[in-house]
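Report on the following structure.
The values are calculated or read from the model by the stated rules, or taken from the named source; none is laboratory data. As the structure is a prediction and not an experimental result, all values here were calculated from the model. Using ideal geometry, Cβ is built from the backbone for each residue, glycine included, and neighbour counts are taken over all protein chains shown. Heads up: the accessible areas ignore ligands, DNA and RNA and are worked out on the full protein's heavy atoms, side chains in. Shrake-Rupley method; radii C 1.70, N 1.55, O 1.52, S 1.80 Å.
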Amino acid sequence: MSKTTRKLTSGRLIIASHNDGKIIEINALVAPFGIEAVSSKKLGLIDPEETGKTFVENAIIKARTAADASNLPALGDDSGLAVAALDGAPGIYSARWAGEPRDFGYAMKKIEAKLTKCGVQDLSARFVCALCLAWPDGAEEVFEGEVSGTLTFPPRGDNGFGYDPIFIPDGYDITFGEMAPAEKHAMSHRADAFRKLTKACLDDD
């Protein structure tokens, strides 16, 4: 990782993801900075195996793979849901809990079933996001964000993606799945991490 923060100037940026929901959200975040974002999915780049043990390690793997393959700066995102009563699961395995092809309806039922089996009353959870901005020359910058909340069942709302329909962020009475996209983008775990990235790598001052 680079010892000093490197600025990302306007130009082309690879979004190192094959997840359409993430691509849409990240595009909305980078658009105001005059950055032309294109996904690794659109370019036909591989989606690397996530062998890391943390969100940060997996974000680095994604960004580094895309930056090396495209010879352009790349933004890797690894994020997931950490449920307190399940010792932080599904965590980095959030997508994998949905199986292949992805079925998050199944994944949400799996969480509900595990909580019911445990007989716990604690429904607190966090969405966690790690972003890695990687350059072809090997430089990397990492930023982390999170948002705390409470789970609710059955799922509510058709907006967002993944586990959004069962997550109510603190201070709200609706799920991410019920929020308008702009409202979620303003306060999500991904937005929290991106604010830190913006301050370090995109702001002029």
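With +1 on each Lys and Arg Cβ and -1 on each Asp and Glu Cβ, and nothing else charged, work out how big the dipole of the chain is about its Cα centre, in Debye to the nearest 20.
Roughly 240 debye for the chain.
Assign unit charges at the C-beta atoms only (+1 for Lys and Arg, -1 for Asp and Glu), then state the dipole size of the stretch 88-129 relative to its Cα centre in Debye, rounded to the nearest 20.
Using only the charged Cβ atoms, the result is roughly 60 debye.
Roughly what would the spin-label model give for T9 and E49, points 7 Å off Cα along C-beta, in nm?
3.9 nm
Run through the DSSP bridge list for the stretch 3-107 and note the antiparallel percent, rounded to the nearest 5.
Restricted to the stretch 3-107, the bridges split so that about 10 percent are antiparallel.
With a 10 Å radius around each residue's Cβ, average the other Cβ atoms per peptide and rank 89-98, 161-170, highest first.
Packing proxy ranking, top to bottom: 161-170, 89-98.
Please work out the Cα convex hull volume for the stretch 28-129 and give it in Å³ per residue.
It comes to 123 Å³ per residue, whole-number rounded.
Along its principal axes, what span do the Cα atoms of the chain show, with the longest given first and each in whole Å?
Largest to smallest, the principal-axis extents are 51, 33, 30 Å.
Please report the carbon-and-sulfur percent of the accessible area for the stretch 100-160; probe 1.4 Å, protein heavy atoms only, DNA, RNA and ligands left out.
48 percent
Size of the dipole of the stretch 128-188 about the Cα centre, Lys and Arg at +1 and Asp and Glu at -1 on the beta carbon, nothing else charged, in debye to 20?
I would put it at about 240 debye.
Could you name the lysines whose alpha carbon sits less than 16 Å from that of K22, not counting residues in the same chain fewer than 8 places away?
The reachable lysines, counting only those whose Cα sits under 16 Å from K22, are K41, K42, K62, K184.
Straight-line reach from K114: which lysines have a Cα under 25 Å away, not including same-chain ones fewer than 8 places off?
K53
Going by Cα centres, the stretch 58-75 and the stretch 77-102 are how many Å apart?
After rounding, the separation between the Cα centres reads 22 Å.
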